[in-house]
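I have placed the structure first, in the form of structure tokens, so that the comments after it can refer back to it.
Here, each number is a calculation from the coordinates, and none is a lab measurement. Here the structure is a predicted model, which means the values were calculated and not measured. Please note: Cβ atoms are built from the backbone with ideal geometry, for glycine as well, and neighbour counts cover all protein chains shown.
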Amino acid sequence: MACRGRRPEHSGPPEVFYNKNEAGKYMRNSRMIDIQTKMAERALELLSLPEGQPCYLLDVGCGSGLSGDYLSDEGHYWVGIDISPDMLDAALDRDTEGDLLLGDMGQGIPFKPGSFDGCISISAVQWLCNANKKSDVPARRLYCFFSSLYSALARGARAVLQLYPENSEQLELITAQATKAGFTGGVVVDYPNSAKAKKFYLCLFSGPSSIVPKGLNECTDGGEERESTFTNERAPYRTARRRVVRKSRDWVLEKKERRRRQGKEVRPDTQYTGRKRKPRF
Ligand SMILES: C[S@@+](CC[C@H](N)C(=O)[O-])C[C@H]1O[C@@H](n2cnc3c(N)ncnc32)[C@H](O)[C@@H]1O
């Protein structure tokens, strides 16, 4: 597995890297917003939750709440945990709907057994592979995270963790600790042949082993590289997602289109789609 450029995980502890300046980018940089939203969309798809049922989800490394916003848009309730106070402040400033908790996943997820119907995590878990203190043992921190996550999930629930492993040894370390904690599952690789768009989703099952979904193959948008925070401050217009106003007609049409792509049954679009209803008294 190739490792290009400088990785954020090499720059020190996450709570130092994700400072006010970095958190600001998650609020303003449209490319960052777009990538987080798309990866959250894919993670939710891989969770395979029951259709049309609001679920109670955990977002590990929830940061500024962009991924959580996607969960809210899809009608779910969520709790986010993150180690960076500045990222959580950004989530508060953005008025995200989820509940937020300051915490280090490497010390365990502090929730009652069976609390969640599912868990997502976007670009966070690879941070556990780096030791920032003498006392940090990556394998131990990973095991602590996975075993507490296993317990916090309802039996049979899934966790889908998008991550950026530095090399194949790191991916093996992560999956070995997840297996030791009791999970079954595997790694879904989307766009394996695109250096830029390739993405890893660790799909974990807390119940009996199940079939791991297939990765996506066709990449039509030229690919999106990891949200590098060292370069590319401004989004190239080509990849920037239009910020669509929530609950607007465009928002509803986009959502319906996404569901059609996922093979779900969706009512046809009409002139009434997304039209505001008059308040009833
Ligand atoms: C790429 S950001 C994810 C952004 C988030 N999905 C969003 O919508 O803003 C990765 C996040 O993982 C968090 N993180 C890294 N190591 C962590 C740890 N040990 N415990 C909790 N959160 C951690 C960082 O603070 C950062 O907010």
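Excluding residue 68 itself, calculate the net charge of residues whose Cβ lies under 9 Å from the Cβ of residue 68, where each Lys or Arg counts +1 and each Asp or Glu counts -1. Charge balance near residue 68 sits at -3.
Annotation: extensible slack from residue 20 through residue 99 equals 26.4 nm (criterion: 0.36 nm per residue apart, minus Cα-Cα distance). Each of residue 134 and residue 168 was given a label point 7 Å from its Cα along the Cα-to-Cβ line. The distance between the two points is 3.6 nm. Checking every one of the trypsin sites (Lys or Arg not before Pro) in segment 105-187 against DSSP loop status and a limit of 13 other Cβ atoms within 10 Å picks out 133, 134.
Using a cut-off of 14 Å between beta-carbons, work out the net charge of the residues near residue 115 (Lys and Arg +1, Asp and Glu -1, residue 115 not included).
Charge balance near residue 115 sits at -1.
Calculate, in nm to one decimal, what residue 176 and residue 51 gain on full extension: separation in residues at 0.36 nm each, minus their alpha carbon distance.
Working: separation 125, 0.36 × 125 = 45.00 nm, distance 3.14 nm.
Here the answer is 41.9 nm.
Spatial offset of segment 21-55 relative to segment 186-204 amounts to 16 Å, using the alpha carbon center of each.
Measuring against 20 Å, Cα to Cα, the residue pairs 38/256; 25/134; 256/276; 214/256; 38/198; 20/255 contain 25/134; 214/256; 20/255 as the ones spanning a longer distance.
Kindly identify segment 32-130 as rounded, prolate or oblate by the Cα gyration tensor criterion: order the square roots of the eigenvalues as a ≥ b ≥ c, call it rounded if a/c is under 1.5, otherwise compare a/b with b/c, prolate if a/b is larger, else oblate.
rounded
Just so you know, the Cα atoms of segment 8-243 work out to an Rg and Dmax of 16.5, 47 Å. Assuming a viscosity of 1.002 mPa s and a temperature of 20 °C, what translational diffusion coefficient in µm² per second does Stokes-Einstein assign to segment 133-214, Rh being the Kirkwood radius over Cα pairs? Rounded, D is 159 µm²/s.
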